[in-house]
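Asker: For reference, the structure I am asking about is given below.
The values are calculated or read from the model by the stated rules, or taken from the named source; none is laboratory data. None of these values were measured; they are calculated from a predicted model. Because the Cβ atoms are built from the backbone with ideal geometry, glycine has one as well, and the counts that use them run over all protein chains shown.
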C-alpha cells in the first residue's frame, strides 16, 4: 500500500464537567487527508485545500505529529500529506487534533501498523502542542479511539474509552468568530475554589457512571461546569442565551465545545437534537452573526480509512 | 413490631481521589443499636455502652437525626434508642454516620418504611451536621445504601450506588489518637491549583470507570490525592510510611480514611489485604503507638436488621 485516504473527524472536548479530561467524537464533520509514500525520507505537505495553513513541515500540525512518529519508528521512505481541511481552525471542535491524528493514523497504516490507536496519541500530541501551546489529549483521544474518552493522566497518557449511550445525539453550533485555544487558556484562573472543585468532580464521577448505565437523567444533572464556563463564556457572544435555549428545547445539557466558540448540546434522540439546533440558531440570527450547525451521533469508531 | 435491633456499619469516605463524594461500606466493624417504641412521643436516649457520648437528645447524633425524620413524618408514639457504640468517635471510619444512619433506619422500619434508604440520607444529615460542623453525605450514603457510593451533589443529595469489584478487600488501621473532623477541615486550603484539580477529577472519573469494569490496574492508578492528603497527612503520625508499606505489600492503593487518623488500603483478595495489614502495623509498632486493624470485604448490603 503506497497511498491511503483517511477521514479525520471533529470532536468535542471538556464536555462541561470534564475540563481537560473528557471528550467525544463527531460523525459527519471532519477533514479528509491523503498520505502518499515518497522515495525521499521525511515529511512534505503537498496541497492544503479549504484553509490557509502553513506548508512548512515544521509549522504544520499534521507534519509535526508525523515527524514525532517517524522519530520513534524511522523509515527509509518518506510521506507526502495532502489535506482537505474542512474543520475550521479555532472553531472549538478539534481542528488541530483532526490533523495531528490523521497524519499519525495514516502513516501508521502505511507502515503496517506498528502502533495501536492508543499508542498513536503520544505522537499526535506533538502536533497539538504546536497548535495550542500545551499538549492535551482530550480531543486526540476521542478522534483516535472513537466514542467518549477519559484522559486520566495527560502526563502518562492513561486513556480510557468509555461507553456511549445509544440514543445520544450532539448538536454543535459554530458562530463564525475565531478563538485561539491559547487565548481561551489565558483567561482561566490558576486556582479553583475547593467547594467548586468538589462539585466538579462529583459531577464528573456521575457523568462517567451515567455513560455505563445509560442513565440520561443523571447525565443531564451532571452536565454542569462551575469552574471553567464562567470565564470562557465571556469570550462567546450570547453564550448563556444559546445554552438556555438549548435546554429549553429539551437538551440534556449544553456547554462550550473545547475552548469555544462552538457551543455543544447533547440530547436524547435526533428529533430533539434538531429542535435544539433550531433554538440555538435563533439566538445568533437575532445578532446577525453567521454560524454553522452540526448534528451528530456519537462516532464510536473514530478516525477511519475511506 | 415494637422493637428493632440494627447493625450500623463503619465506612470509609473520601477514598483518595474522591474527597467529599466517594465512600464505601465496611463489613465486620460497626455499632449495634436497639430502638424501642415508647408511649410518650419524642426521642430519648436509653443506654450508651462503649463510649462516653451525651444522653441529651439535642446533643446526640442519633437522636438529632431521629428528630429530623419525625419532623417530616410525625408519630403519635416515641422512640428510645439504646446504643452499643463500637466505632470510636473521631477514628475516621464514620462513627457519627453509623449512629445517625442507625437511628433513622431503625425508626423508619418501626414506622412501616415510609422512606426509601436513599430518602433516609437527608434526615441522617442532621446528625452529621451536629458531629462535624457541616453536613456531608459521603459516609452516610455507603452506610445506608451499601457498597461504593458517589454523592454527586451534597446540596440536592443526588446519590449514586456504584458497583463493587468482587475481589476488593479493605485494610483499615486506626492509630489510637483522636482527630475531630472539624479540625481536619480547618487545615485545608480554600482553593486548589487548577492543574491539581484536573488531575483529581481525571482520577475520580477513572476510579468510577474501574468499578464498572473490574479493572484493578486502573483502580490502582487512579487512587491518588494531590489535593487533600498533603495537608491532612500532617495530622497523622507516620502517614507516608504506613502508606508506602501498604503499597509495598501489594495494596492497590492507600490513603486517609475519612478525615483520619485511620488509614485505609484496598487490595485484590484477602491474602494480600492481610499482608498489607501486617506491613502497616509494623510502622506503628516502631512508634509504640497503639492501633486497631480491620479487614473487610466491601459491604454491599449496608445497614441491616439483626
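Asker: Would you confirm whether or not segment B:205-226 contains a residue that is assigned to a loop (DSSP other than H, G, I, E, B), within 27 Å of residue B:89 (Cα to Cα), within 13 Å of chain A (Cβ to nearest Cβ) and over 20 Å from the mean Cα position of the chain (by Cα)?
Answerer: Quick first cut of segment B:205-226, residues assigned to a loop (DSSP other than H, G, I, E, B) only: B:214-215, B:223-226.
Now drop any that are not within 27 Å of residue B:89 (Cα to Cα), which leaves B:223-226.
Going one step further and asking which of them are within 13 Å of chain A (Cβ to nearest Cβ), we end up with B:223-226.
Those left that are additionally over 20 Å from the mean Cα position of the chain (by Cα): B:226.
Yes, segment B:205-226 contains at least one residue that is assigned to a loop (DSSP other than H, G, I, E, B), within 27 Å of residue B:89 (Cα to Cα), within 13 Å of chain A (Cβ to nearest Cβ) and over 20 Å from the mean Cα position of the chain (by Cα).
To keep it simple, each residue is scored yes or no on (1) at pLDDT 95 or above; (2) part of a helix (DSSP H, G or I); (3) closer than 15 Å to residue A:173 by Cβ.
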{"site": "A:234", "(1), (2), (3)": "no, yes, no"}
{"site": "A:242", "(1), (2), (3)": "yes, yes, yes"}
{"site": "A:245", "(1), (2), (3)": "yes, yes, yes"}
{"site": "A:250", "(1), (2), (3)": "yes, no, no"}
{"site": "A:258", "(1), (2), (3)": "no, no, yes"}
{"site": "A:265", "(1), (2), (3)": "yes, no, yes"}
{"site": "A:271", "(1), (2), (3)": "yes, yes, no"}
{"site": "A:275", "(1), (2), (3)": "yes, yes, yes"}
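Yes or no, residue by residue, for (1) within 14 Å of chain B (Cβ to nearest Cβ); (2) exposed (fewer than 15 other Cβ atoms within 10 Å of the Cβ); (3) closer than 12 Å to residue A:85 by Cβ; (4) out of contact with any strand residue (DSSP E or B) (no Cβ under 8 Å at 6 or more places or on another chain):
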| position | (1), (2), (3), (4) |
| --- | --- |
| A:2 | no, yes, no, no |
| A:11 | no, no, no, no |
| A:15 | yes, no, no, no |
| A:28 | no, yes, no, no |
| A:31 | no, no, yes, no |
| A:52 | no, yes, yes, yes |
| A:58 | no, yes, no, yes |
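Asker: Across segment B:170-199, which residue is nearest to residue A:222 (Cα to Cα) among those that are crowded, with 22+ Cβ neighbours inside 10 Å and in contact with a helix residue (DSSP H, G or I) (Cβ under 6 Å, 6 or more places away or on another chain)?
Answerer: Ranking the candidates gives B:197 first.
Asker: Mind counting the residues in segment A:70-94 that are closer than 14 Å to residue A:303 by Cβ and either assigned to a helix (DSSP H, G or I) or outside the structural domain of residue A:134 (by TED's automatic domain parsing) (or both)?
Answerer: Count: 0.
Asker: Still on this model: When you go through (1) in contact (Cβ under 8 Å) with a residue 40 or more places away in the chain; (2) at positive phi one by one for residue A:31, which number turns out not to apply?
Answerer: (2)
Asker: Here are A:63, A:95, A:99, A:75: which of them is surrounded by 20 or more Cβ atoms within 10 Å (Cβ to Cβ), over 22 Å from residue A:159 (Cβ atoms) and touching a helix residue (DSSP H, G or I) at 6+ places or on another chain (Cβ under 9 Å)? Show your work before the answer.
Answerer: Numbers: A:95 fails: over 22 Å from residue A:159 (Cβ atoms); A:99 fails: over 22 Å from residue A:159 (Cβ atoms); A:75 fails: surrounded by 20 or more Cβ atoms within 10 Å (Cβ to Cβ).
Criteria check complete, one pass: A:63.
Asker: Right, something else. Quick one: how many residues across segment A:153-176 are closer than 26 Å to residue A:250 by Cβ, within 11 Å of chain B (Cβ to nearest Cβ) and not in a loop (DSSP other than H, G, I, E, B)?
Answerer: 1
Asker: Select, from A:188, A:179, A:150, the only residue that is assigned to a loop (DSSP other than H, G, I, E, B) and under 15 Å from the mean Cα position of the chain (by Cα).
Answerer: On the way: A:188 fails: under 15 Å from the mean Cα position of the chain (by Cα); A:150 fails: assigned to a loop (DSSP other than H, G, I, E, B).
On inspection, the qualifying residue turns out to be A:179.
Asker: Do you know which residues across segment B:200-215 are surrounded by fewer than 18 Cβ atoms within 10 Å (Cβ to Cβ) and touching a strand residue (DSSP E or B) at 6+ places or on another chain (Cβ under 8 Å)? Write out each step before concluding.
Answerer: Here is the first cut: in segment B:200-215, the ones surrounded by fewer than 18 Cβ atoms within 10 Å (Cβ to Cβ) are B:212-215.
Scanning segment B:200-215 gives a single hit, B:212.
Asker: Can you pull out every residue in segment B:78-92 that is surrounded by fewer than 24 Cβ atoms within 10 Å (Cβ to Cβ) and modelled with pLDDT of 95 or more?
Answerer: Across segment B:78-92, the qualifying residues are B:78, B:80, B:82, B:84, B:85, B:86.
Asker: Somewhere in segment A:39-56, is a residue free of Cβ contacts under 8 Å to residues at least 12 places away in the same chain and either within 19 Å of residue A:259 (Cα to Cα) or more than 22 Å from the chain's Cα centre (by Cα) (or both)? Quick ask: steps written out before the conclusion?
Answerer: Looking only at segment A:39-56, we keep the residues that are free of Cβ contacts under 8 Å to residues at least 12 places away in the same chain, and these are A:52, A:54-56.
The next check asks that each one be either within 19 Å of residue A:259 (Cα to Cα) or more than 22 Å from the chain's Cα centre (by Cα) (or both); those that pass are A:55-56.
Checked against the condition, which is being free of Cβ contacts under 8 Å to residues at least 12 places away in the same chain and either within 19 Å of residue A:259 (Cα to Cα) or more than 22 Å from the chain's Cα centre (by Cα) (or both), segment A:39-56 yields at least one hit.
Asker: Provide a single number: the residues in segment A:259-273 that are in contact (Cβ under 8 Å) with a residue 40 or more places away in the chain and more than 23 Å from residue A:229 (Cβ to Cβ).
Answerer: If we filter segment A:259-273 for residues that are in contact (Cβ under 8 Å) with a residue 40 or more places away in the chain, which is where we start, we get A:259-270, A:272-273.
From the residues that got through so far, the ones that are more than 23 Å from residue A:229 (Cβ to Cβ) too are A:269-270.
Residues that pass the stated criteria total 2.
Asker: Still on this structure, I have one more. Which of (1) touching a strand residue (DSSP E or B) at 6+ places or on another chain (Cβ under 9 Å); (2) within 14 Å of chain A (Cβ to nearest Cβ) is the odd one out, the single condition residue B:268 does not satisfy?
Answerer: Residue B:268 satisfies all of (1) touching a strand residue (DSSP E or B) at 6+ places or on another chain (Cβ under 9 Å); (2) within 14 Å of chain A (Cβ to nearest Cβ) except (2).
Asker: Please go through segment B:60-100 and give me each residue that is farther than 21 Å from residue B:30 by Cα and in contact (Cβ under 8 Å) with a residue 40 or more places away in the chain, ordered by number. Working first, answer last.
Answerer: Of the residues in segment B:60-100, the ones farther than 21 Å from residue B:30 by Cα are B:67-79.
The answer is B:67, B:68, B:69, B:72, B:73, B:77, B:78, B:79.
Asker: Out of everything in segment B:123-146 that is touching a strand residue (DSSP E or B) at 6+ places or on another chain (Cβ under 6 Å) and touching a residue at least 40 places away in the same chain (Cβ under 8 Å), what residue ends up being farthest from the other protein chains (Cβ to nearest Cβ)? Full working, then the answer.
Answerer: Kept after step one, since they are touching a strand residue (DSSP E or B) at 6+ places or on another chain (Cβ under 6 Å), are these residues of segment B:123-146: B:137-139, B:141-143, B:145-146.
This time we only want the ones that are touching a residue at least 40 places away in the same chain (Cβ under 8 Å), so: B:138-139, B:141-143, B:145-146.
Values: B:138: 10, B:139: 15, B:141: 12, B:142: 14, B:143: 18, B:145: 14, B:146: 16 Å.
Per the criteria, the residue is B:143.
Asker: Now a separate question. Please state which one of B:303, B:263 is surrounded by 16 or more Cβ atoms within 10 Å (Cβ to Cβ), outside the structural domain of residue B:188 (by TED's automatic domain parsing), touching a helix residue (DSSP H, G or I) at 6+ places or on another chain (Cβ under 6 Å) and within 22 Å of residue B:23 (Cα to Cα).
Answerer: Values: B:263 fails: outside the structural domain of residue B:188 (by TED's automatic domain parsing).
Of B:303, B:263, the one residue that is surrounded by 16 or more Cβ atoms within 10 Å (Cβ to Cβ), outside the structural domain of residue B:188 (by TED's automatic domain parsing), touching a helix residue (DSSP H, G or I) at 6+ places or on another chain (Cβ under 6 Å) and within 22 Å of residue B:23 (Cα to Cα) is B:303.
Asker: Right, next: So if I check each of A:106, A:131, which one is assigned by TED's automatic domain parsing to the domain that holds residue A:48, in a helix (DSSP H, G or I) and over 16 Å from the mean Cα position of the chain (by Cα)?
Answerer: Numbers: A:131 fails: over 16 Å from the mean Cα position of the chain (by Cα).
After ruling out the rest, the residue left standing is A:106.
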